[in-house]
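What follows is a set of notes on a single structure, which appears directly below.
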Amino acid sequence: MKFGDFDLYVLRESTFRLDGGAMFGVVPKTMWAKTADCDEANRVLLACNLLLIDTGSKKVLVETGMGDRWSDKERARYDLKTLAAPPMVPAQLGLKPEDIDFVIISHLHFDHAGGATIEKEGKIVPTYPNAKYVVQKGEWDFSFKANARARASYRPDDYVPLEESGQILFVDGDHEVCPGVHVRITGGHTSHHQVVYLESKGEKAVYFADILPTKSHLSPPWVMGYDHYPLASCDEKSKWLVDCARDNYLVIFDHEPGVPWGRVKSSAAGKFEFEPLPAESLALPSGAAVQSA
């Protein structure tokens, strides 16, 4: 879709399932099950929605998804279905991995950094050989000292090769990656979680990453059990949603299995409502639509 001077594309890399209780924290199943697809194992359906930003001079990929380095046992655990192997993600737009200038990773959990590297000739190497990978330094440091609760979400093979190749761009807090493309630190989900903020020709957008992963998490108190700092997540969501509703931001959800972008409106009762864009907005230049779960 056209966004100011930018072109934006949603690239659906995979679908998977996670435990509903973990995805909705203290919210009772009697409430969240009304809004989320849930299977017999209590797992809710999620997607990895990557965002390709073409600014005209730079091509920026937001997130890398799960990647394809998973055993059959792990795939069964997550009901993981790879829709586009890492090198084929940009191919949906007629691009090669070498064409990507920046890769922004909101945080280093495996469903966001898993596609950052690939196995090639028996070695783990960066998927995007010419890109700078934008990572918060605090998130990087934490990934190596995470406690027992947090450790399982990090796989060093997803990101250590990026430093070894000299492709990491460490940032400390808010940062402009290229004109109009910013990362804004939020904390909440992890201590140094970042969202992506876009501005072009007066239009504004935010890719929420895991501070607000699906439309079902729109209510500020509906935060994930996975969040390291759930009260901070609630506060950050509240602040961002007020801005989104007031200024008519385009909002993009990283794990929404339906249409993952649209607008947020504030109702008279003070609640937030999501208005998705038409499904046709997901069409790619080739005419092939992004796969829908």
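Flag: D101 does not match the condition of being within 28 Å of S71 (Cβ to Cβ), acidic (D, E), at pLDDT 95 or above and touching a strand residue (DSSP E or B) at 6+ places or on another chain (Cβ under 9 Å). Scanning region 33-60 for residues that are of a type in the set (S, T, N, Q), under 12 Å from P257 (Cα atoms) and in contact with a helix residue (DSSP H, G or I) (Cβ under 6 Å, 6 or more places away or on another chain) yields a single hit, T35. Being among the charged types (D, E, K, R), free of Cβ contacts under 8 Å to residues at least 12 places away in the same chain and outside any helix (DSSP H, G or I), is that true of even one residue in region 136-147? Yes: region 136-147 contains one or more residues that are among the charged types (D, E, K, R), free of Cβ contacts under 8 Å to residues at least 12 places away in the same chain and outside any helix (DSSP H, G or I). If only residues of region 205-246 that are of a type in the set (F, W, Y) and buried (at least 19 other Cβ atoms within 10 Å of the Cβ) are counted, the one that is nearest to T190 (Cα to Cα) is Y226.
Residues that are in contact with a helix residue (DSSP H, G or I) (Cβ under 8 Å, 6 or more places away or on another chain), not in a strand (DSSP E or B) and not hydrophobic (A, V, I, L, M, F, W, C) were ranked within region 6-29; the one that is surrounded by the fewest Cβ atoms within 10 Å (Cβ to Cβ) is K29. Every test in (1) farther than 20 Å from M1 by Cβ; (2) among the β-branched types (V, I, T); (3) touching a Cys at 6+ places or on another chain (Cβ under 9 Å); (4) free of Cβ contacts under 8 Å to residues at least 60 places away in the same chain is passed by V223 save one, and that test is (4). Residues considered: G188, G180. Of these, the only one that is within 14 Å of V60 (Cβ to Cβ) and touching a Ser or Thr at 6+ places or on another chain (Cβ under 6 Å) is G180.
All of (1) hydroxyl-bearing (S, T, Y); (2) under 22 Å from M66 (Cβ atoms); (3) touching a Ser or Thr at 6+ places or on another chain (Cβ under 7 Å) hold for T35 with one exception: (2). The one condition from (1) touching a residue at least 60 places away in the same chain (Cβ under 8 Å); (2) surrounded by fewer than 19 Cβ atoms within 10 Å (Cβ to Cβ) that R263 does not meet is (1). The number of residues in region 1-49 that are touching a residue at least 24 places away in the same chain (Cβ under 8 Å) and basic (K, R) comes to 3.
Number of residues in region 108-135 that are assigned to a loop (DSSP other than H, G, I, E, B), within 19 Å of L80 (Cβ to Cβ) and of a type outside the set (V, I, T) equals 1.
The values are calculated or read from the model by the stated rules, or taken from the named source; none is laboratory data. Predicted, not measured: the structure shown is a model, and the values here were computed from it. Positions of Cβ are backbone-derived with ideal geometry, glycine not excepted, and every protein chain shown enters the neighbour counts.
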